[in-house]
Amino acid sequence: MRRILVTGAAGFVGGHVLPLLAGTGDRVAGIGRGLPPRLPAGVAYESIDLLDEAALGAFVARFRPTAILHLAGLASVADSASGPGQTWRVNVNGLMNLVAAVEAVPGCTFFFVSSGEVYGSAFLAGHALTEEAEPLPRNTYARSKWVGEQLLRDLLPRIGVKLVVLRPFNHIGPGQDERFVVASFAGQIARIEAGLAPPRLEVGNLSSYRDFLDVADVAGAYADLIGRAESLADGSVFNISSGQPRTIASVLDGLRALAQVPFEIRVAPERVRPAEIPLAAGDAGHLRAATGWEPRVAWDAALARVLDDARVRLARVGG
């Protein structure tokens with residue numbers, strides 16, 4: 001029986017991937033900061049900060065995972081710009097602590113969740129990128145992920161641990177917080193519908209093209225790859241992406257069509273990110289060839305899931 005450890009299990013993606021892994025019959029454990037909203041039956045969980053080296057090492061030594069899905073870390077580009085020191089501490093120091101803990105379990109496979117953001121300036125080529133593109137990260141978050149990839153390539157072979165790098169692109173879904181663009185739009189719409197905000201939605205740059213997936217499809221890709229850990233080559237890299245970039249304006253149009261009340265649009269200067277990349281998209285052909293993965297959630301359904309979740313969360317807070 002495989003033993004799968006998920007770090008960051010209390011976070012947005014963790015809440016979607018844990019049920020998939022729990023349904024495989026493998027032993028699954030999660031660690032994270034705080035408690036997950038819902039813990040699937042049979043999944044062990046402990047609240048552990050990756051910066052707590054002693055607690056982390058003790059847990060890994062007890063559970064002895066055969067596979068690790070490393071989701072934990074700071075994931076907001078905007079937050080990394082305002083607090084770069086904390087981003088480096090969590091995303092690199094925490095990763096180093098996890099590597100030290102994994103020395104106790106040689107032979108396991110380490111699935112490192114990096115980001116499509118690492119490609120950075122390479123997106124200026126203007127087309128969907130494969131894993132062969134040279135990463136040229138442009139912000140603190142992306143640089144921390146790229147450095148993490150390099151650290152693992154240097155350190156894991158020395159302790160007999162296989163590395164698989166995952167580079168997901170933008171993903172949306174229930175549970176995502178409003179630091180991210182689609183969740184921000186949905187949250188604002190929900191408050192407007194409830195009469196808690198004026199009918200005016202604040203936006204940043206709407207002309208950029210981005211590659212979006214529903215979080216259920218991202219979680220499915222992770223689970224598919226973990227299920228094939230034994231057959232994956234050490235050092236493999238997989239984009240997890242739709243390959244179909246769409247403008248932020250079109251995303252907003254889709255949500256507007258689902259809204260129950262009309263509203264106007266206002267560009268808020270503080271929401272406009274500097275040094276925008278016009279188009280960022282990934283080619284997931286390598287993932288499809290390895291696992292047969294394809295996105296299953298239709299785009300309109302993905303948007304509806306986000307907006308419905310925003311409404312439910314608002315109602316919960318209000319009542």
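Readers should treat all values here as calculations from the given coordinates under stated rules, not as data from a laboratory. Remember, it's a predicted structure, so these values are computed and weren't measured experimentally. Backbone-built Cβ (ideal geometry, glycine too); neighbour counts: all protein chains shown.
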Checking Glu46 against (1) part of a strand (DSSP E or B); (2) touching a Ser or Thr at 6+ places or on another chain (Cβ under 8 Å), which test does it fail?
(2)
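Which of the residues that make up region 14-43 are assigned to a loop (DSSP other than H, G, I, E, B), in contact with a Phe, Trp or Tyr (Cβ under 8 Å, 6 or more places away or on another chain) and crowded, with 18+ Cβ neighbours inside 10 Å? It would help to see each step written out before you state the result.
Taking region 14-43 first, the residues assigned to a loop (DSSP other than H, G, I, E, B) are 23-26, 33-43.
Pick out the ones that are also in contact with a Phe, Trp or Tyr (Cβ under 8 Å, 6 or more places away or on another chain) and you get 35-36, 39.
The answer is Pro36, and nothing else.
Return yes or no: is Ala100 in contact with an Asp or Glu (Cβ under 7 Å, 6 or more places away or on another chain), more than 19 Å from Gly220 (Cβ to Cβ) and assigned to a helix (DSSP H, G or I)? Lay out the reasoning, then the answer.
Values: in contact with an Asp or Glu (Cβ under 7 Å, 6 or more places away or on another chain): yes; more than 19 Å from Gly220 (Cβ to Cβ): yes; assigned to a helix (DSSP H, G or I): yes.
When the stated conditions are applied, Ala100 passes them.
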Evaluate region 187-206: report whether one residue or more is surrounded by fewer than 22 Cβ atoms within 10 Å (Cβ to Cβ) and within 18 Å of the chain's Cα centre (by Cα).
no
Just checking, does region 178-194 include any residue being touching a Gly at 6+ places or on another chain (Cβ under 6 Å) and under 26 Å from His16 (Cα atoms)?
yes
Where Leu163 falls short, out of the listed (1) surrounded by 19 or more Cβ atoms within 10 Å (Cβ to Cβ); (2) of a type outside the set (S, T, N, Q); (3) out of contact with any helix residue (DSSP H, G or I) (no Cβ under 8 Å at 6 or more places or on another chain):
(3)
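Restricted to region 289-319, and to residues that are in a helix (DSSP H, G or I) and of a type in the set (Val, Ile, Thr), which residue is farthest from Leu252 (Cα to Cα)?
Step one: list which residues in region 289-319 are in a helix (DSSP H, G or I), which gives 289-291, 299-318.
Now restrict to residues that are of a type in the set (Val, Ile, Thr): 291, 306, 312, 317.
Numbers: Thr291: 32, Val306: 12, Val312: 20, Val317: 24 Å.
Filtering first and then ranking leaves Thr291.
Give the residue, chosen from Glu178, Glu117, Glu134, that is among the acidic types (Asp, Glu) and touching a residue at least 40 places away in the same chain (Cβ under 8 Å).
That would be Glu117, the only listed residue that is among the acidic types (Asp, Glu) and touching a residue at least 40 places away in the same chain (Cβ under 8 Å).
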Filter result (farther than 17 Å from Asp211 by Cα, part of a helix (DSSP H, G or I) and under 18 Å from the mean Cα position of the chain (by Cα)) within region 134-183:
Thr140, Tyr141, Arg143, Ser144, Lys145, Trp146, Val147, Gly148, Glu149
